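Report on the structure given below.
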Amino acid sequence: MRRVAQVVAVRAEKRAEYRESHRAGPVPDRLRRCRIADYSIHLLDDRPFACFAYHGDDLTADLALTAEDEATREWWRLTAPCQAPVPEAAPGEWWTTAERVVLMEQPAGRRPRSPRAGVPCCG
């Protein structure tokens, strides 16, 4: 399993449209068929960050399959005008992969403990 984090920019005048377009998109089924799980997008100002777990052997090839999916192509036609590559993007790159700086995983078979009310998490 490989964790992936990516970033793109949202055009300021399209931010509300971008949010609304993600409320009920057809893409999750296609992503599941490409061995992608736990997909989420988080928005900070004009920067959406996508995070997901990839459970395959060739992410590039699996993502290329999305271009063959008509529902996904239509989705891209709707969302592309809302987005722009970030300044850090390589030429031709749309969503830019972010460098992982830290990862804290839960040990296998253990569930995270619920924080106690009123107790700071760091001591």
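The values are calculated or read from the model by the stated rules, or taken from the named source; none is laboratory data. This is a predicted model, so every value here is computed, not measured. With ideal geometry, Cβ positions are generated from the backbone for all residues, glycine too; neighbour counts draw on all protein chains shown.
Among the residues making up the range 1-42, those that are touching a residue at least 12 places away in the same chain (Cβ under 8 Å), in a strand (DSSP E or B), in contact with a Phe, Trp or Tyr (Cβ under 8 Å, 6 or more places away or on another chain) and not acidic (Asp, Glu) are 2, 3, 4, 5, 6, 7, 10, 36, 37, 39, 40, 41.
Assessment of the range 57-76 against the conditions (of a type in the set (Ser, Thr, Tyr), closer than 30 Å to residue 13 by Cα and at pLDDT below 90) yields at least one matching residue.
Given the criteria surrounded by fewer than 16 Cβ atoms within 10 Å (Cβ to Cβ) and over 16 Å from residue 23 (Cα atoms), does residue 66 qualify? Against the criterion (surrounded by fewer than 16 Cβ atoms within 10 Å (Cβ to Cβ) and over 16 Å from residue 23 (Cα atoms)), residue 66 does not qualify.
Let's see how each residue does on (1) in a strand (DSSP E or B); (2) farther than 26 Å from residue 20 by Cα; (3) among the hydroxyl-bearing types (Ser, Thr, Tyr):
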{"site": "53", "(1), (2), (3)": "yes, no, no"}
{"site": "80", "(1), (2), (3)": "no, no, no"}
{"site": "90", "(1), (2), (3)": "no, yes, no"}
{"site": "101", "(1), (2), (3)": "no, yes, no"}
{"site": "104", "(1), (2), (3)": "no, yes, no"}
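Beta carbons closer than 6 Å, at least 6 apart along the sequence or on distinct chains, pair a first residue in the range 55-68 that is under 11 Å from residue 30 (Cα atoms) with a second that is modelled with pLDDT under 90 and surrounded by 13 or more Cβ atoms within 10 Å (Cβ to Cβ) for 66/30; 66/72. Looking at residue 62, is it in a strand (DSSP E or B) and among the acidic types (Asp, Glu)? When the stated conditions are applied, residue 62 does not pass them.
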